1. Points 7 angstrom from Cα along the Cβ direction at residue 29 and residue 211: gap in nanometres?
2. Taking the Cβ of residue 112 as the center, what net charge do the other residues with Cβ under 15 Å away carry, scoring Lys and Arg +1 and Asp and Glu -1?
3. Could you tell me which of 22, 56, 12 has its Cα farthest along the dipole of the stretch 5-76 towards the positive end, charges placed at Cβ (Lys, Arg +1; Asp, Glu -1), taken about the Cα centre?
4. With r defined as the distance between the Cβ atoms of residue 163 and residue 47 and R0 fixed at 30 Å, what FRET efficiency is calculated, to the nearest 0.05?
5. Sort 124, 157 by Cβ crowding within 10 Å, fewest neighbours at the top.
6. How much length would be gained if the chain were fully extended between residue 115 and residue 132, taking 0.36 nm per residue of separation minus their Cα-Cα distance, in nm to one decimal?
7. Once label points are set 7 Å from the Cα along Cα→Cβ at both residue 199 and residue 57, what is their separation, rounded to one decimal in nm?
8. Would you kindly state how much longer the chain becomes between residue 8 and residue 85 on full extension, computed as 0.36 nm times their sequence separation minus their alpha carbon distance, in nm to one decimal?
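Bear in mind these aren't lab numbers, they're just calculated from the coordinates by the rules spelled out. None of these values were measured; they are calculated from a predicted model. Every residue, glycine as well, gets a Cβ built from its backbone with ideal geometry; the counts of neighbours run over all protein chains shown.
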Amino acid sequence: MRITRRRMDFLQKIKQLYEATNLPVHYARVAELLGVSKWSAYEMLKTLEKEGLLASQYEVNQGEKFPGRAMVLFAPTRLADAVLSGNTWEEKAPVKEWRQVKQRLLSLCAELKKNNPRELIEELMAELPGLERPLIFSAYMIALLIAQLQTLSAKSLGLFKNVVLGAAKAEIGLAMLAGAAMGSMLKTATQFPLLSQIASHLDRFQDNLADLNQSEQALLMDFLEEALEKTT
């Protein structure tokens, strides 16, 4: 990923502030420390968010004159950590394509609460053979595996989420996802006619994890976290 010096300055500052408190940062604080206007800081942080380097959230500011007014806060993503550590994304998949695929898969995951997970699994399985880019293929596999994990109890799914997202390295967390989903499928093997096909795709998924660089793995972990938020 190509990133300008100015964007790097903003990214470094917000990461520094975030690590000092472990809390998301308001853009006004970034503006103050970098000596720019609040509007300029906000625009830059929104740009970094669009590139997957920051995540935003809204919180009610109790200190405002009119209680209930929400303020936007930002926090660095795993991709930001990878970029700042020098492990750049080589853009094996164009940014625009990644954003489109991610948005579509997140929308499908959000529908899992009301639709049959098996339908999503079959839909994604039909598309997997035509996916050549390792990053895109891996994102599809993550969505498929999350759909399969909907067979777990809410308690088990919550525990799985905490363990996987707490993994020290992205590659480890993603491998744990594959293992947990495979274990879930094996328990219901007689009721799962697509098991052998999914197993072959899992082999490719795990091979991809070894080939993807740290930034690409970070993109997948951020996607996994967002997808789990929509299903749990």
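1. Each label point is offset 7 Å from its Cα along the Cβ direction, giving 4.2 nm.
2. Details: positive: 104, 113, 114, 118, 161, 230; negative: 111, 119, 122, 123, 226, 229.
Summing Lys/Arg as +1 and Asp/Glu as -1 gives 0.
3. Farthest towards the positive pole: 12.
4. Details: r = 33 Å, r/R0 = 1.11.
After rounding to 0.05, the efficiency reads 0.35.
5. Working: 124 21, 157 18.
Ascending number of Cβ neighbours within 10 Å: 157, 124.
6. On the way: separation 17, 0.36 × 17 = 6.12 nm, distance 2.80 nm.
Once the chain is fully extended between residue 115 and residue 132, it gains 3.3 nm.
7. 4.0
8. On the way: separation 77, 0.36 × 77 = 27.72 nm, distance 1.14 nm.
Answer, rounded to one decimal: 26.6 nm.
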